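**Q** Have a look at this one before I ask anything.
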Amino acid sequence: MRDSNLSEAPRRSFNIGWTWLIPALALLSTISYIACTHIHGLLGFPLDDAWIHQTYARNLAQTGQLAYLPGQPSAGSTSPAWSFLLSAGYLLGLDFRLWVYLLGGLALAATAWLTYRLLRRLAPSRPTAALLAGLFCAVEWHLVWAAVSGMETMLFTALSLALLEYYFSHAAAAHRQSPRGPASLQTERSMVGAVAVGLLGGMLTLTRPEGLGLTGLVVAAPILFPRPADWSEMKTRLLTSGASLFALGAILAPYIAFNLSTTGSVFPNTFYAKQVEYQIHLSLLARFWRVFSPTLVGAQVLLLPGFCYAVCQLFRQRNWSGALPFAWWLAFLAAYALRLPVSYQHGRYAMPTIPLLILYGIWGTADLLRPRSRCLVLRVVSQAAPVAMALLALLFWARGALAYGDDVGFIEGEMVATAHWLNKHTAPGDLIAVHDIGAVGYLTDRPLLDLAGLITSEVIPFMTDAERLADWMTERGAAYAVFFPNFSSTYAQLATDPRFEQVHCTAYALTRSLGFQDMCVYRLTPGER
């Protein structure tokens, strides 16, 4: 893919000295989102799951156990790496909100910076395009939202980009024959790089289980590309890939053993529970679009033609190494399309793919546009496109801040408010069955049953069967049940079960204005159905 006028023209004004803007803009975006919500009296998280991470982190700091309920080790955390990072804030005596905001802001800055670095690796002659890609990521509203969500999303995104950047800068180079130094030195360097890939891949997988997919791609790619010259070189590549797998296994073995000992499964409870709860019967293409489409809500939709062009050029030129990030983008979205085709919460599960959409999009767009073309239409479009992208990115950045405030308000007005009500109106020993256990688990000191299966895995096989779910709650002796009556048909049936007496609803105005029902508390009264 050759340089275009778009990348050449601004090169005189943008140089390496401007790259400090990337992390600075990312941190400014993070602070701005927090400030916008704080002005309106809100300081929290836009997802109930963020409170789950905080509960694991607090218990880890206080008891040394990865447990949702003290004294009961649990494999309900999808991201033990994130839980360990959050626990450091409790050990240091820091405010847990400020600590997680800081981690998220740093992860966003790292994501934007690594996007810049990765495009510099893939297209060394396009420093301006790389700079713009980094700046784009720093203000992309999904990514900023994720940075202040209290979730591991941006850490996972940054680590995945770090693994790709390391592959292009070190691991791939280790497989090329070098005229310098003896063969033994080359092998030693290859082994060091391979071990680093395994360790980084292990940390990525401990942040999100799907990181295992990218690690597999990065470990397998050097075996195949470029084509080995002879069997001796192939053996060296297999040896170094084996070293990567050994390092990966060393990182993951304790966590897998922990999961097996607590639940009998390799992956955490939520890995299976989410797939059961959100089964959707659609065609594969419809599933893929359902997962992918939320990532286009923003200025990056203007980059879609450039994205397609860049990918086509890579395949036309047989640049298989350059297509590796695209392979990860496609595999990631395809895996969610197959197993968890959901688009709620602004498509939060697909957010880690957005930097790659921006990377290839800007790369391809830079090659397509001709701001100095003799064709008037092409020249006008080429000159207007960057301005339109910048204005649209800022517009969505502002709109994202409003969405973030609404989302935080929803969690505070529903889940947090319900937790406070339970503290005042239930006895300390009352067993409470809860669908959204995050804020309730963190803010109340009551024994819990998890209707979503994160910490109570036994419910997973029948979590969508209202009758069995109700029987199970009464058999376990639950005194109260907490859920949204219109969350699904399962909970709509539970709300009309005569054993469930509604005793409280939050009456949160925003929820009702959107046409939804509030979170409600039901007293369980065992009797005839």
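**Q** Please give the FRET efficiency for Ala331 paired with Ala507, using the beta carbon to beta carbon distance and R0 = 51 Å, rounded to the nearest 0.05.
**A** Working: r = 45 Å, r/R0 = 0.87.
Using R0 = 51 Å, I get an efficiency of 0.70.
**Q** Further question on the same structure: What length, rounded to one decimal in nm, is gained on full extension from Val297 through to Ala35, with 0.36 nm per residue of separation minus their alpha-carbon distance? Intermediate values should be presented prior to the final figure.
**A** Numbers: separation 262, 0.36 × 262 = 94.32 nm, distance 2.34 nm.
Extra length from Val297 to Ala35 when fully extended: 92.0 nm.
**Q** Which distance in Å, rounded to a whole number, links the C-alpha centroids of the stretch 283-300 and the stretch 190-262?
**A** Between the Cα centre of the stretch 283-300 and that of the stretch 190-262, the gap is 30 Å.
**Q** Still on this structure, I have one more. How many percent of the accessible area of the chain is carbon or sulfur, using a 1.4 Å probe? Don't skip to the answer; put the middle values down first.
**A** Details: 14340 of 22470 Å².
Here it works out to 64 percent.
**Q** Using θ = phi - 60° and the Karplus curve 6.51 cos²θ - 1.76 cosθ + 1.60, what whole-Hz ³J(HN,Hα) does each residue of the stretch 133-147 get, with Gly and Pro shown as x?
**A** Karplus values, whole Hz, x for Gly and Pro: 5, x, 5, 4, 4, 5, 10, 4, 5, 4, 5, 5, 4, 5, 5.
**Q** Of Trp145, Leu164, Gly216, which is farthest on the positive side of the dipole of the chain, counting Cα position, with +1 on Lys and Arg Cβ, -1 on Asp and Glu Cβ, and the Cα centre as origin?
**A** Positive-end residue among those listed: Leu164.
**Q** Over the Cα atoms of the chain, compute the convex hull volume and normalise it per residue, giving Å³. Could you put the intermediate results ahead of the total?
**A** Details: hull volume 91.8 nm³, N = 529.
Convex hull volume per residue, Cα atoms: 174 Å³.
**Q** Tell me, in nm to one decimal, what length is gained between Arg227 and Asn319 on full extension, where the rule is 0.36 nm per residue of separation less the Cα-Cα distance? Please report the intermediate quantities before stating the final value.
**A** Values: separation 92, 0.36 × 92 = 33.12 nm, distance 1.22 nm.
Difference between extended and current length: 31.9 nm.
**Q** Give me the accessible area per residue for the chain, probe 1.4 Å, as a whole number in Å². Walk me through the numbers on the way to the answer.
**A** Details: 22470 Å² over 529 residues.
With all protein chains present, the chain gives 42 Å² per residue.
**Q** Check the chain for me: any Cys whose beta-carbon has no other cysteine beta-carbon within less than 4.7 Å?
**A** Within the chain, the cysteines lacking a partner Cβ under 4.7 Å are Cys36, Cys137, Cys308, Cys312, Cys375.
**Q** Something else: Report the calculated FRET efficiency for Ala427 and His170 (r = Cβ-Cβ distance, R0 = 51 Å), to the nearest 0.05. Spell out each step's value before the answer.
**A** On the way: r = 59 Å, r/R0 = 1.16.
Result of the calculation: an efficiency of 0.30.
**Q** If I take R0 = 22 Å and measure r between the Cβ atoms of Tyr344 and Leu282 in this structure, what FRET efficiency does the formula 1/(1 + (r/R0)^6) give, to the nearest 0.05?
**A** Numbers: r = 15 Å, r/R0 = 0.68.
After rounding to 0.05, the efficiency reads 0.90.
**Q** Compute, for the stretch 34-129, the length of the dipole vector about the Cα centre, with Cβ point charges of +1 (Lys, Arg) and -1 (Asp, Glu) only. Units Debye, rounded to 20.
**A** Values: 6 positive and 3 negative charges, 112 e Å.
Around 540 debye, computed over the stretch 34-129.
**Q** Let me ask another. What percent does the relative contact order of the chain come to when contacts are Cα pairs within less than 8 Å and at least six residues apart? Present the calculation step by step, with values, prior to reporting the outcome.
**A** Numbers: 856 pairs, mean separation 95.4, N = 529.
Dividing the mean separation by the residue count of the chain yields 18 percent.
The values are calculated or read from the model by the stated rules, or taken from the named source; none is laboratory data. Remember, predicted model here, so these are calculated numbers, not experimental data. No Cβ is skipped: glycine too gets one built from the backbone with ideal geometry, and neighbour counts run over all protein chains shown. Protein only, heavy atoms only, side chains kept; ligands, DNA and RNA dropped before computing areas. Shrake-Rupley method; radii C 1.70, N 1.55, O 1.52, S 1.80 Å.
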